[in-house]
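The values are calculated or read from the model by the stated rules, or taken from the named source; none is laboratory data. Small disclaimer: the values here were computed from a predicted structure and weren't measured. Every residue, glycine among them, receives a Cβ derived from its backbone with ideal geometry; neighbour counts consider all protein chains shown. In case anyone asks, the SASA skips ligands and DNA or RNA and just uses the protein heavy atoms, side chains included. Shrake-Rupley method; radii C 1.70, N 1.55, O 1.52, S 1.80 Å.
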Amino acid sequence: MRTQAAIIGAGPAGLLLSQLLMQSGISTVVIERRSRAHVLSRIRAGVLEWGSVETLRRAGVGARMDAEGAVHEGVALGHSNHQFRIDFRAACDRAVMVYGQTKVTKDLYAAQDAAGAVIIHDAQDVALHDVEGTPRVTYAKEGRTHEVVADIVAGCDGFHGVARQTIPEAKRTEYAHAFPFAWLGVLSETPPVAHELIYANHPRGFALASMRNAKLSRYYVQVPAETEAQSWSDAAFWDELRRRLPHDAAERLITGPSIEKSVAQLRAFVAEPMRWGNLVLAGDAAHIVPPTGAKGLNLAIGDVALLAEVLTAHFGGDRAALGTYTARALERVWAGIRFSSGMTNLLHRFPGQSAFEQRMQEAELHHIEHSAAAREAVARNYTGLLD
Ligand code: RFL
Ligand code: PHB
């Protein structure tokens, strides 16, 4: 098979890139290791920056998001049973959209199907060859080896993918930081505890109250690194969450059976460069942020919007375009890492944390509550980056 852009991975980054490139008349083949059902079963992000909302609309996948998503004009930060609101509208006249990644992915599949996209699922042993010349992607399916020849290969295959490894080790720099804790997340068919998200700093550890819609809640509690999700019963989870949320919210908490329960390790990671020869990387394949800033999916969408612009120029004959991708993408990526790591440091309980460090967190939260400039900085970063 021959195509202009071979895209590895059918997560939100890969599907959105295929959608935007096809809109520009560029041919694509998407190669995904898992089944479509598996891709659609993952519960992940819930918050879209306004720039992401606009990118999805531009890609022609905004209709259901606009009908079913919830515009949030603020967020609450809590500590010591006290909570305060950051009003995004007042601080920077912006908002975010609460709309689950699962739905974003489903909408992208529907749009790609309608456009006649080629998406290959259950591709095993995906390998990239000759990315510095004429790239080829090989994979095994149903006992046969297949080959896709492309002008460009886009690695959108997530943190555990293979594309990043194609860049020679000597030419690749990886910046990695592991936080010494994880999040245990629960999805439950219960009304959310509040209309807006609550991020809570508590002596027992961080807690987050989020949602997918008025009947579906998503909650997280900080747990030790390497925790097994199944070692937590639903009852133990609800007890722990109730203890960590500010009193008012805890009193309103409605519990029910979990319909999904999973653990995510908190880490920050960036691989540079994001382009090597005719290989480009986007989304989690190139970088990971701790989820505290709600940036992972947004950075993936940001990469892809930029990449679609760069590749459209490239295929239009602008041979310098591809060379601008790494620097332009990394500026946003590092802004996301900075904000997400800062929020993580502010809100979590670190093993061995001293009383001094705890007071510093409290002083910082107090500063954000009482300084309009500090609230504006948080609001601008949360609803978008770099502006
Ligand atoms: P994905 O979604 O991991 O998709 C990669 C795809 O590539 C496939 N793949 C391969 N295909 C072919 N060959 C191979 N060798 C392959 N290896 C892997 C995989 O099967 C998969 O289908 O990466 P992508 O597209 O870059 O999207 C990134 C986002 O998924 C991620 O950044 C966010 O989910 C992060 N995130 C959040 N981001 C936000 O913006 N806001 C949030 O509120 C938010 N909350 C979260 C999150 C991530 C979490 N977890 C579980 C890590 C909350 C959590 C708990
Ligand atoms: C979520 O709803 O899954 C979510 C929301 C905000 C975050 C992380 C995850 O910062």
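The alpha-carbon of Lys215 sits under 16 angstrom from the alpha-carbons of these lysines, leaving out residues fewer than 8 places away in its chain: Lys103.
Per residue, the stretch 1-94 exposes an accessible area of 40 Å² to a 1.4 Å probe, with every protein chain left in place.
How far is helix 325-347 tilted off the main Cα axis of the chain, in degrees rounded to 10, range 0 to 90? In the chain, helix 325-347 runs at an angle near 20 degrees to the longest axis. Sequence-distant contacts, meaning Cα pairs under 8 Å at least 6 residues apart, place the relative contact order of the chain at 21 percent.
Distance between the C-alpha centres of the stretch 27-92 and the stretch 1-24: 21 Å, rounded to the whole angstrom. Counting protein heavy atoms only, the stretch 31-138 has 47 percent of its accessible area on carbon and sulfur, 1.4 angstrom probe. The angle between the Cα long axis of helix 101-114 and the main principal axis of the chain comes to about 30°, on a 0 to 90 degree scale.
The residue among Asn345, His367, Tyr382 whose Cα reaches farthest toward the positive pole of the charge dipole of the stretch 286-387, with charges on the beta-carbon of Lys, Arg, Asp and Glu, is Asn345.
Checking every one of the GluC sites (Glu not before Pro) in the stretch 112-163 against DSSP loop status and a limit of 14 other Cβ atoms within 10 Å picks out Glu132, Glu142. For the chain, with the dipole built from +1 on Lys and Arg beta-carbon atoms and -1 on Asp and Glu ones, taken about the Cα centre, which of Ala76, Val223, Thr255 lies farthest toward the positive end? Looking along the dipole axis, the top candidate is Thr255. When only Cα pairs below 8 angstrom with a gap of at least 6 residues are kept, the stretch 249-387 shows a relative contact order of 21 percent. Label positions at Arg144 and Val71, each projected 7 Å from the Cα along the C-beta direction, are separated by 5.1 nm. A 1.4 Å probe run over the stretch 214-368, with the rest of the protein chains in place, finds 42 Å² accessible per residue. Give the angle, between 0 and 90 degrees and rounded to the nearest 10, that separates the Cα long axis of helix 234-244 from the longest principal axis of the Cα atoms of the chain. Relative to the chain, helix 234-244 is tipped by roughly 60 degrees. Note that the stretch 153-159 has calculated 3J(HN,Hα) couplings of 10, 10, x, 10, 9, x, 4 Hz, one per residue in order, obtained from phi through the Karplus relation 6.51 cos²θ - 1.76 cosθ + 1.60 (θ = phi - 60°); glycine and proline are x.
Positive contributions from Lys and Arg (+1) and negative ones from Asp and Glu (-1), summed over other residues with Cβ under 15 Å from the Cβ of Ala235, come out at 0.
So, counting K/R as plus one and D/E as minus one, what does the shell of residues with Cβ under 12 Å around Val149 add up to? Combined, the nearby Lys, Arg, Asp and Glu give -1.
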